[in-house]
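A short write-up of the structure that comes next.
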Amino acid sequence: IIGSEVGVGIILLVLVFGVKGCVRGCASFGAPDDYHYRMTIYVGDKAFSDVRHVTFDSDLSPETFKPQHTYRVDGKAIPITLSGRPVFFAVRRYSEFSPEYVAILPDARRLNPSKKQITSSDISRVKGERDLPRQLLRSELSDSSYHQEDVIQNWPECVAFGDMKDPKTKRIVTAEKIGVTRITIEIIDAPEEEETDDPYPELKSGLQAVN
């Protein structure tokens, strides 16, 4: 009897892990391909840039049991070093619209005129440098009727620290305040150079918004 119980337990474990694997496999089916983009920030005649890697985590929605894909981006804070001024770091602000989506959307729509909804896969196939608008109305980015007149700020915020190891010393300013005149986005092939350590780990890769 004990042997039978152990056998049943093993079968149940196999079934549970098998189902989990199936769920992950089903969810990942149709997930957007990962891609890389370069963000370049211009201050006068100086340019500062970083390459960011976009991937998608896949799962099944517990409500609908349909695949859902969560956007993830990895990269480093972009240090903006100007003579006689503290180092500022361009950090991502909270927004439902990613910067590459905002910059590339017009061309993706032009290249896919029959599609009602532009996907991340459509965005990742558009090559060439595109300007990132400083701000747009929500109606320009989404067909949803929700708050269409809201103004969406697209440029990153910039933060400086009196002490890099003390978050309480941070100072947040707009990109325009430090002289940013243009920001561009470009989808690129995966970079061949090796990953380097982030010299400013206190910013947690500099991609999350600053609280």
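Of the accessible area of the stretch 72-153, computed with a 1.4 Å probe over protein heavy atoms only, carbon and sulfur atoms account for 47 percent. Taking a point 7 Å from the Cα of residue 174 along the Cα-to-Cβ direction, the residues of the stretch 117-157 with backbone N closer than 17 Å to it are 132-138, 150-157. Take the Cα of residue 46, step 7 Å toward its Cβ, do the same at residue 74, and the gap between the two points is 3.0 nm. Applying Stokes-Einstein at 20 °C and 1.002 mPa s to the Kirkwood radius of the stretch 32-90, computed over alpha-carbon pairs, gives a translational diffusion coefficient of 152 µm² s⁻¹.
Any chance you could run the full-extension gain for residue 129 through residue 83? It's 0.36 nm times the residue separation minus the Cα-Cα distance, nm to one decimal. Present the calculation step by step, with values, prior to reporting the outcome.
Values: separation 46, 0.36 × 46 = 16.56 nm, distance 2.73 nm.
Using 0.36 nm per residue and subtracting the Cα-Cα distance, I get 13.8 nm.
Applying 1/(1 + (r/R0)^6) with R0 = 22 Å to the Cβ-Cβ distance of residue 57 and residue 188 gives a FRET efficiency near 0.50.
Net length available on complete extension from residue 149 to residue 166 is 2.3 nm, with 0.36 nm assigned per residue and the Cα-Cα distance removed.
Measuring against 21 Å, Cα to Cα, the residue pairs 46/165; 46/177; 46/170; 46/76 contain 46/165; 46/170 as the ones spanning a longer distance. Using every pair of separate Cα atoms, the Kirkwood estimate puts the hydrodynamic radius of the stretch 74-182 at 15.9 angstrom. Based on the Stokes-Einstein relation at 37 °C and a viscosity of 0.692 mPa s, and on the Kirkwood radius from alpha carbon pairs, the stretch 61-104 is assigned a translational diffusion coefficient of 234 µm²/s.
Report the net charge of residues surrounding residue 179, where surrounding means a beta-carbon distance below 15 angstrom and charges are Lys +1, Arg +1, Asp -1, Glu -1.
Result for the neighbourhood of residue 179: +2.
The values are calculated or read from the model by the stated rules, or taken from the named source; none is laboratory data. Quick caveat: nothing in here was measured; it's all calculated off a predicted structure. Note: ideal-geometry Cβ built from the backbone for every residue, glycine included; neighbour counts use all protein chains shown. Accessible surface areas use protein heavy atoms only, side chains included; no ligands, DNA or RNA. Shrake-Rupley method; radii C 1.70, N 1.55, O 1.52, S 1.80 Å.
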